[in-house]
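Below is one structure, written out as structure tokens, with a few remarks after it.
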Amino acid sequence: MKFDLTPLLRPHIANLQPYTSARDEYTGKEGIFLDANENPYGSVTDEDHNRYPDPYQLDLKQEIAKIKEVKSSQIFLGNGSDEAIDLLFRAFCNPGKDNVILLPPTYGMYEVSAGINDVETRKIPLTADFQLQPDLILNAVDENTKIIFVCSPNNPSGNKVNREDILKLLREFNGLVVVDEAYIDFSDEPSFTTLLSEYGNLLVMQTFSKAWGLASLRLGMAFASKKMIKILNRIKPPYNISGLTQQTVLAAIRNVDKVNVMIADILQEREYLKKEMSQLDFVEKIHPSHANFLLVKIPNAGHVYDDLIEEKIIVRNRSKVQLCEECLRISVGTRAENDAFIQALKKIYTESFNQ
Ligand SMILES: *Cc1c(COP(=O)(O)O)cnc(C)c1O
């Protein structure tokens, strides 16, 4: 099936005249710049930030292209992955008319973004072991279904999603399949980016917020066909990635060895945390994780969450989430943090629940 993006696009977006910034109209780097109403003297801060940044982040994309083994033209950068999610709704989903398919329990932003954009969500829950139900998903599709959001490794469950099931959606759904790979760096699963040339309806999201330790900078990546990236570039705010972010991430990529060391440390700590928790007899289930967190089922999870806060240890309470009943989501910390968590958990169970 040859996928054609054009019919999927909202008509007014197809006809939109995008904003052209000063840095669009003149892209040279040298000259006397009197075109963008910037401050010519520099900045109030020690370092200068007075010039508008590259709106298409070309230097940064060139480096990302190398480490991700994609073409520069297949990369979109957003102010966090959240920006890419929002732009997808704005580009493809007509408010009050179109719908998207979500696969709960999953990342909450898809639903929030759908709500902001007044787009219906159709929910097909994952199975008890957090895998897709491809036939049910495809059955829920109608002519107004624009996007299916798949998260793999999934948040909050941590597992990787069966590759064959995602491929089935890519083959049989004539709309956009988003594969959110925010946690791919912690998994042995290959990225779906290798399939970009095969599937025109594939968009892969990754982020600098997790493995790279750059959550505060807000930099999310989307990888897709050149045509799709062009659409996102047309509708994004002109200077959506700050100059400081572009420079800092460029420097980070030149230091790619460090991210590999950090990932190895986090994986080691994930196994440690898993081993320590598996020795506590009140722990009912530790879900398999391909991410930097563990979803753990324990009795009285809601109370334990509150008691942990008393000990100044903050985890995520997922106990009211469908299929995550009585579960806490615990991010992998440093050895000292993980030990403090384990100690606090033991104390809570001995004191509060006499176990
Ligand atoms: C953390 C996370 C992201 C990253 O979001 P940013 O906006 O890039 O920080 C994306 N998707 C999922 C599933 C996440 O858990």
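Things worth noting here:
- Qualifying residue in segment 152-172 (condition: in a strand (DSSP E or B), more than 10 Å from the ligand (Cβ to nearest atom) and in contact (Cβ under 8 Å) with a residue 24 or more places away in the chain): no
- Residue list for segment 316-355, filter: of a type in the set (V, I, T) and outside any loop (DSSP other than H, G, I, E, B): I330, I342, I348, T350
- Only a single criterion out of (1) aromatic (F, W, Y); (2) within 16 Å of the ligand (Cβ to nearest atom); (3) over 21 Å from the mean Cα position of the chain (by Cα) is not satisfied by F223, namely (3).
- Looking across segment 135-151, just one residue is in a helix (DSSP H, G or I) and buried (at least 19 other Cβ atoms within 10 Å of the Cβ), and that is I137.
For (1) outside any loop (DSSP other than H, G, I, E, B); (2) not charged (D, E, K, R), each residue gets a yes or a no:
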position	(1), (2)
T194	yes, yes
E198	no, no
Q206	yes, yes
K210	no, no
M221	yes, yes
K227	yes, no
I231	yes, yes
P237	no, yes
N240	no, yes
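- Which listed residue is within 23 Å of G78 (Cβ to Cβ), surrounded by fewer than 21 Cβ atoms within 10 Å (Cβ to Cβ) and more than 16 Å from the ligand (Cβ to nearest atom), from S197, S209, S187, S191: S197
- Scanning segment 286-307 for residues that are closer than 18 Å to K320 by Cβ and either assigned to a loop (DSSP other than H, G, I, E, B) or over 26 Å from the mean Cα position of the chain (by Cα) (or both) returns H287, I298, P299, N300, A301, G302, H303, V304, D306, D307.
- Candidates V44, V119, filtered to the one that is away from the ligand (no atom under 16 Å from the Cβ), in the same structural domain as Y239 (by TED's automatic domain parsing) and more than 28 Å from Y183 (Cβ to Cβ): V44
- One residue stands out in segment 299-326 among those that are surrounded by 16 or more Cβ atoms within 10 Å (Cβ to Cβ) and without any contact (Cβ under 8 Å) to a residue 40 or more places away in the chain: the one that is nearest to P105 (Cα to Cα), namely S319.
The values are calculated or read from the model by the stated rules, or taken from the named source; none is laboratory data. Computed from a predicted model, the values in this text were never measured in an experiment. Note that we place each Cβ from the backbone using ideal geometry, even for glycine, and neighbour counts take in every protein chain shown.
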